[in-house]
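Bear in mind that the values in this text are calculations on the coordinates, not laboratory data. Owing to the predicted nature of the structure, the values given are computational and were not obtained by experimental measurement. Reconstructed Cβ throughout: ideal geometry from the backbone, glycine too, with neighbour counts over all protein chains shown.
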Amino acid sequence: MILLCILTLTIGLTVIHGKEYSRTLSYGEYFYVSKDNMGEAASIQWSFAGSNSLVGIQVWVLDAVNFAIFQVNPLSASGYQLSDGSYYSHSGEFNIPSFDDWTIIFWHNQLIGGSTTLTINVTFTGVGLVGWLLSIIIAAPILLVIAAVVIVVVVLNRRKKQPVAPLPAVQPQVGQPPTSAPPPQQPAPAPPPPVDSVFCWNCGQPNKKPSTFCMKCGKDLTSPEK
């Protein structure tokens, strides 16, 4: 995914235009190559070779405003001179300083020497405005996905590293024994019968002396039945 993002960002940094030309120029004539929306980090690689060694060629790079002036009056234009007319064969590279429509001009401005046939190579390399916009539009979703994945990984790693806090131990209060369930209550024992009593021979009921009949079943205590 990272490689795809890098390749996408380099869409704007490409050879936007590269071509070889052949032109015959007489005194006062010129040949030009233009490229729209070229900006910083862009460059122009250029070269020319003339068939007539007596004719030197001037090379200029002009922005849109000065190229319009040059077409009306070449001597009134202001730009970047890359070759001063001393060479019939020359080459070089020009780094574009700012976004604009740029034009490179090969100008035969030598009164004597006659005409010459030029073999010209011009390559615009760099960042076009449209290319950069396309790069940003394509790369933005990829960068967002990468950022989301990184955030998720970081959050998961932090959760794994956090220790689990132990539950606090219950401390018994000083001076108080631990509480426990009370023992089950036993039924109270029956009171013992009085000492001066006589038991009924029939039902076993104790009767106070000198009772002669059982207070429970009514039997005669003095004459048990046989």
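Which FRET efficiency value, to the nearest 0.05, do you get for E93 and S115 by plugging their Cβ-Cβ distance into 1/(1 + (r/R0)^6) with R0 = 35 Å?
Plugging the Cβ-Cβ distance into 1/(1 + (r/R0)^6) gives 0.80.
Just to confirm my numbers, what's the Cα centroid distance between region 28-52 and region 141-155 in Å? Going from one Cα centre to the other spans 44 Å.
Applied to region 109-114, the Karplus parametrisation 6.51 cos²θ - 1.76 cosθ + 1.60 on θ = phi - 60° returns per-residue 3J(HN,Hα) values of 10, 10, 5, 9, x, x Hz, with x for Gly and Pro.
Here K216 is the anchor, and the lysines within straight C-alpha reach of less than 16 Å, apart from those fewer than 8 places off in the same chain, are K208. Our estimate of slack between K161 and Q45, defined as 0.36 nm per intervening residue step minus the Cα-Cα distance, is 36.1 nm. Residues whose amide H falls under 5 Å from that of Q110, counting only those 5 or more places apart or on a different chain, are G28, with hydrogens built in the peptide plane.
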